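The values are calculated or read from the model by the stated rules, or taken from the named source; none is laboratory data. Bear in mind that the values here come from a model prediction, so they are computed numbers and not experimental data. Counting neighbours? That spans all protein chains shown, and the Cβs are built from the backbone with ideal geometry, glycine included.
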Amino acid sequence: MCGIIGAIARNPVQNTLLHALKTMEYRGYDSAGICTVSQQQLHTQKAKGKLINLETLLEKEPLEGNLGIGHTRWATHGVPEVRNAHPHQTESIAVVHNGIIENHQRLREMLQASGATFASDTDSETIPWLWQQVLEGETNQEKAFLDTLNQLEGAFAIAGIRNNEQKLWFARRGSPLLLARSPDGVFVASDALAVGAVATEVYYLKEGQWGWSDLEHVHIFDAQGKKAEVMWEAMPEMVAATEKDPYKHYMLKEIHEQPRVFLDILHAYTDGSPHIHFPQATFIETAPLPSRIIMVACGTSYHTALTARYWLERYLKIPVEVDVASEFRYRDPVIAENTWMITLSQSGETADTLEALRLFKRQTPNNKSLVFCNVAHSSMVRESDGLIELYAGPEIGVASTKAYTAQLLTLALFSLKLAHQYNAMDDESVMQHIQALFAAADGAKALLEKPKTFDALTPLFSQAHGSLFLGRGPCYPLALEGALKLKEISYLHAEGYPAGEMKHGPIALIDENLPVIVIALRQYHLDKVISNLHEVQARGAKIILVTDMQKNEIPENINATIHIPEGDFFSAPLLAAIPLQYLAYNVACDKGTDVDQPRNLAKSVTVE
Ligand code: M6R
């Protein structure tokens, strides 16, 4: 949801900024811009649409200067047009912003009354004008910056520059931001990927921290203005992981990485015994069984929580509540003592999920919180009592694939651990289930070695006006996920439904141009799902069956069948997820959509 970068270096920064924006384009791709300082002047280039448009512009008219900021945008206030692209600026100050300034309307009126002339429709443009106004009445620059920040309401990560100095200013409140450095310069960025190629050390700014840097020193302060210390860490190795070659799209690469991710996770958390260890969530080892678990997430991560509920409730016999974060945080949830909050997030920065976690902690500070997350330094990780890391590696495609199955697998291990710890499952059963999870890694590999198997499905969507995904038990959230994947990258309407609920309404939609994807696995009410299949088939639907049944058991007249290896109660959804991802990918390619950066979306939704 917008990527920001700032750099002060010994050499010109244009290409560093541009490269950083490329690595963060997944965060937003409505427009992009760069501003540098040279000869005491601000120089700006902005372009609407993908970053390539800005790149073309900069080839013709490059920007000089060893100090600069850049931005790739996902629009919140103001349509995607050049005038709304960042950096926003006055004559002397330029700012890039990620987040939302909630009091922007009031600020705009106040600033306009004292002479500010706004060029955009954005909330962000209030920041440089406000900063300039504060500086006119305050000679202490640090105080002026803090006063400016204190007048902003809402969430932000900011980088800013001024025409008459070689200083890079920055602030973090509610949106992620990190500092990075090398002997060549100092950088601020929304994501470590952006600076992995140029920096050797990194520091993740804490909530409320702000400061400035020249080439020699970095100065940071807390929200009250007290000096704080920068604790540099080595920059993790990540550049190679972000190349997509030889795959055509990041999404395809990430689908194919899943068997390796499964093994990484299994080796990280199991040791050949029935004892599963989560080294960053040690409170689990000694905690009494909670009375309730609340799981909160958005999008795909929400779907994994829905699957885990079936696993946890069956063995723990405690209520497991699952909610979409944007609903949970505004519904005055009732949270009793001895409740665990589990948040799930690929990025660890999703605004609604993070706020749900904060609400939980405010309401019941004694309760424990645990996050399943792919980004070890993210805000959710820092604010939770425990972390179960997904080990999926950077996920660049906007449609989540490997992070989804990594969440499923870690949740399966978590369910097994709790079942074992609270005596609901003996050693032998835990071992069998772990072996089944290892077998699923092999099964996933085998499925992905024959990608042509999935090609037969695509023609069924050439005339489709929508599609329906049906499943029962853990296959119901899989149906939701299959539908989400298809709609977000192919723009074809798709709905996931509990197979047994379909006759209470959606069955009216059935015709020959509404392909129905039925997920029918032995583990989850197979006979009942097959009955539901017959109900839609009798009404003329074209059926795609994803199943682990034997060939001779398959009902007649199915339009296409994808056979997957048979899994157990925990591993089966991991295998069924793969054909659904491939189906979405193939249909999107057939329709010629932008698979990795589908319209209107962004990878990391850091505004509510
Ligand atoms: O980073 P998170 O897991 O918190 O993100 C949540 C959703 O925004 C995300 O899963 C979204 O639904 C994806 N585009 C799905 O492919």
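Residues in the stretch 584-600 that are surrounded by 18 or more Cβ atoms within 10 Å (Cβ to Cβ) and either under 21 Å from the mean Cα position of the chain (by Cα) or within 14 Å of the ligand (Cβ to nearest atom) (or both): 584, 585, 588, 595, 596, 597, 598. Whenever a residue of the stretch 485-510 is within 30 Å of residue 602 (Cβ to Cβ), its partners that are surrounded by 16 or more Cβ atoms within 10 Å (Cβ to Cβ) and aromatic (Phe, Trp, Tyr), lying with C-beta atoms within less than 6 angstrom and at least six residues away or across chains, give the pairs 496/469; 498/476; 506/497. Of everything listed in (1) within 13 Å of the ligand (Cβ to nearest atom); (2) more than 16 Å from the chain's Cα centre (by Cα), the single unmet condition for residue 379 is (2). Checking every residue in the stretch 414-433 against the condition of being at pLDDT 95 or above, surrounded by 23 or more Cβ atoms within 10 Å (Cβ to Cβ), among the hydroxyl-bearing types (Ser, Thr, Tyr) and assigned to a loop (DSSP other than H, G, I, E, B) gives zero matches.
Being surrounded by fewer than 17 Cβ atoms within 10 Å (Cβ to Cβ) and within 16 Å of the ligand (Cβ to nearest atom) is a condition met by no residue of the stretch 316-323.
Filtering 508, 538, 494 for residues that are buried (at least 24 other Cβ atoms within 10 Å of the Cβ) and among the aliphatic types (A, V, I, L, M) leaves a single hit, 494.
Number of residues in the stretch 77-99 that are buried (at least 19 other Cβ atoms within 10 Å of the Cβ) and assigned to a loop (DSSP other than H, G, I, E, B): the value is 4. When residue 554 is tested against (1) touching a residue at least 24 places away in the same chain (Cβ under 8 Å); (2) touching a strand residue (DSSP E or B) at 6+ places or on another chain (Cβ under 7 Å); (3) closer than 19 Å to residue 460 by Cβ, only condition (1) is not met. Would you check if there is a residue in the stretch 73-92 being assigned by TED's automatic domain parsing to the domain that holds residue 133, in contact with an Asp or Glu (Cβ under 6 Å, 6 or more places away or on another chain) and at positive phi? Scanning the stretch 73-92 turns up at least one residue that is assigned by TED's automatic domain parsing to the domain that holds residue 133, in contact with an Asp or Glu (Cβ under 6 Å, 6 or more places away or on another chain) and at positive phi.
No other residue among 535, 512 is assigned to a loop (DSSP other than H, G, I, E, B), out of contact with any His (no Cβ under 8 Å at 6 or more places or on another chain) and farther than 26 Å from residue 299 by Cα apart from 512.
Criterion applied to 235, 231, 251 was being under 30 Å from residue 396 (Cβ atoms) and out of contact with any Asp or Glu (no Cβ under 9 Å at 6 or more places or on another chain), and the one residue passing it is 231.
Here is the figure for the stretch 283-303: residues that are touching a strand residue (DSSP E or B) at 6+ places or on another chain (Cβ under 7 Å) and either of a type in the set (A, V, I, L, M) or in a loop (DSSP other than H, G, I, E, B) (or both) total 10.
Among the candidates 64, 109, 102, the residue that is among the acidic types (Asp, Glu), over 25 Å from residue 197 (Cα atoms), surrounded by fewer than 24 Cβ atoms within 10 Å (Cβ to Cβ) and modelled with pLDDT of 95 or more is uniquely 109. In the stretch 382-393, the qualifying residues are those that are away from the ligand (no atom under 14 Å from the Cβ), modelled with pLDDT under 95 and part of a loop (DSSP other than H, G, I, E, B), and the one that is farthest from the chain's Cα centre (by Cα) is 391.
Here the condition is being out of contact with any helix residue (DSSP H, G or I) (no Cβ under 9 Å at 6 or more places or on another chain), assigned by TED's automatic domain parsing to the domain that holds residue 545 and of a type in the set (A, V, I, L, M, F, W, C); of 494, 479, 508, it holds for 508 alone. Inclusion of residue 371 among residues that are under 20 Å from residue 608 (Cα atoms), β-branched (Val, Ile, Thr) and either at pLDDT 95 or above or in contact with a His (Cβ under 6 Å, 6 or more places away or on another chain) (or both) is warranted. Taken over the stretch 345-360, the residue count meeting the criterion of being more than 8 Å from the ligand (Cβ to nearest atom) and either among the hydrophobic types (A, V, I, L, M, F, W, C) or without any contact (Cβ under 8 Å) to a residue 40 or more places away in the chain (or both) is 7.
Matching residues to (1) away from the ligand (no atom under 16 Å from the Cβ); (2) more than 30 Å from residue 469 (Cβ to Cβ); (3) outside the structural domain of residue 387 (by TED's automatic domain parsing):
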| residue | (1), (2), (3) |
| --- | --- |
| 237 | yes, yes, yes |
| 259 | yes, no, no |
| 263 | yes, no, no |
| 266 | yes, no, no |
| 274 | yes, yes, no |
| 277 | yes, yes, no |
| 282 | yes, yes, no |
| 285 | yes, yes, no |
| 292 | yes, no, no |
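Is there a residue in the stretch 474-491 that is away from the ligand (no atom under 16 Å from the Cβ) and touching a Lys or Arg at 6+ places or on another chain (Cβ under 6 Å)? No, the conditions are met nowhere in the stretch 474-491. Within the stretch 511-528, restricting attention to residues that are over 19 Å from residue 307 (Cα atoms) and touching a residue at least 40 places away in the same chain (Cβ under 8 Å), the residue that is surrounded by the fewest Cβ atoms within 10 Å (Cβ to Cβ) is 513. Scanning the stretch 369-394 for residues that are in contact (Cβ under 8 Å) with a residue 60 or more places away in the chain and closer than 15 Å to residue 237 by Cα yields 377, 391, 392, 393, 394. Looking only at the stretch 394-433, filter to residues that are small (Gly, Ala, Ser) and over 16 Å from residue 301 (Cα atoms); which one of those is nearest to the ligand (Cβ to nearest atom)? Step by step, filter the stretch 394-433, then rank; the result is 415. Residues in the stretch 324-344 that are polar (S, T, N, Q) and within 16 Å of the ligand (Cβ to nearest atom): 326, 343.
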